[in-house]
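Right, one structure below, let's go through it.
The values are calculated or read from the model by the stated rules, or taken from the named source; none is laboratory data. This is a predicted model, so every value here is computed, not measured. All Cβ positions, even for glycine, are placed from backbone atoms using ideal geometry, and neighbour counts span all protein chains on display.
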Amino acid sequence: MSASSTVRGRTALVTGATSGIGKAIARNLAAQGAHVVLHGRDQARGEALVKEIESEGGSARFIAADLTDADDTLRLAAEAGAVDILVNSAGLYEFAPTAASDAASFDRHIAVNTRAPFLLVGALVPGMVERGQGSIVIVGSSAARTPAPIGAAYGASKAGAEILTRYWATEFGPSGVRVNTVSPGLVHTEGTKAMFGEHTAMLDKTNARGRAGEPSEIADIVSFLVSEASSYVNGAVLFADGGELSTLPS
């Protein structure tokens, strides 16, 4: 059974859909026939993506929301309505040493990377349970399992999302709702380019494949996880890092 045959006609909410991995996921699901509710912060970028998807024969609408605000996150869930697929792709990362990270920075990481998925699941999954089916995917990060000298707040927030995956799989699995995480290593996105700058070439030396990932490759994994092709996969954290090396290149 192909992924498209089980995604077609379903409604998917994808957070962080206007750039990077989230955008690739949204386009992938729309191309397979899902109606995609796009989330982002920038109205213009969101509307541009809706037009792009529609020009390719897909169906989409956009909702702007600030995931650092709990009430706005719940508004997003209410406006999204009944969804069959929830992909928590929005992510915030401010890599800095612990001593240089203040309480506000820590709170932003937790709000976007951990609390927002928690609130969206709490608001949207009861409907999935009532319908007897649904799929949730969290876009995690290798930072949750691979410590580094900087970025502790980011790593902690992503580790929190991973453990939520296991709790939710246990809580909702008997009702027909599956919950999984895909945990990418370094991926070529606007964010990583901005972070590494002139050192972007280093990204291709951090794993056994000899290259960083592409957003479309992560989108393909998400497509698998939300489809019936993965019907027996629940509570999993799927590493998608090309075979991450134990030490980074100098």
Contact list please: Cβ distance under 8 Å, first residue in region 151-178 and part of a helix (DSSP H, G or I), second residue aromatic (F, W, Y) and surrounded by fewer than 17 Cβ atoms within 10 Å (Cβ to Cβ), pairs at least six apart or on different chains. Y154/F95
So the check is Cβ under 6 Å with 6+ separation or different chains; which pairs have a first residue in region 85-96 that's farther than 17 Å from S227 by Cβ and a second one that's surrounded by fewer than 20 Cβ atoms within 10 Å (Cβ to Cβ) and small (G, A, S)? E94/S105
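Please find, among I63, I85, I110, I138, the residue that is at pLDDT 95 or above, among the β-branched types (V, I, T), surrounded by fewer than 22 Cβ atoms within 10 Å (Cβ to Cβ) and under 16 Å from V14 (Cβ atoms).
Going through I63, I85, I110, I138 in turn, the sole match is I63.
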Could you tell me whether any residue of region 100-121 is closer than 26 Å to D241 by Cα, over 14 Å from the mean Cα position of the chain (by Cα) and β-branched (V, I, T)? yes
Only one of these conditions is not met by S105: (1) surrounded by fewer than 17 Cβ atoms within 10 Å (Cβ to Cβ); (2) in contact (Cβ under 8 Å) with a residue 24 or more places away in the chain; (3) touching a Gly at 6+ places or on another chain (Cβ under 9 Å); (4) not in a loop (DSSP other than H, G, I, E, B). Which number is it? (3)
Can you say whether A12 is under 17 Å from the mean Cα position of the chain (by Cα), assigned to a strand (DSSP E or B) and within 14 Å of A219 (Cβ to Cβ), as far as the supplied structure shows? yes
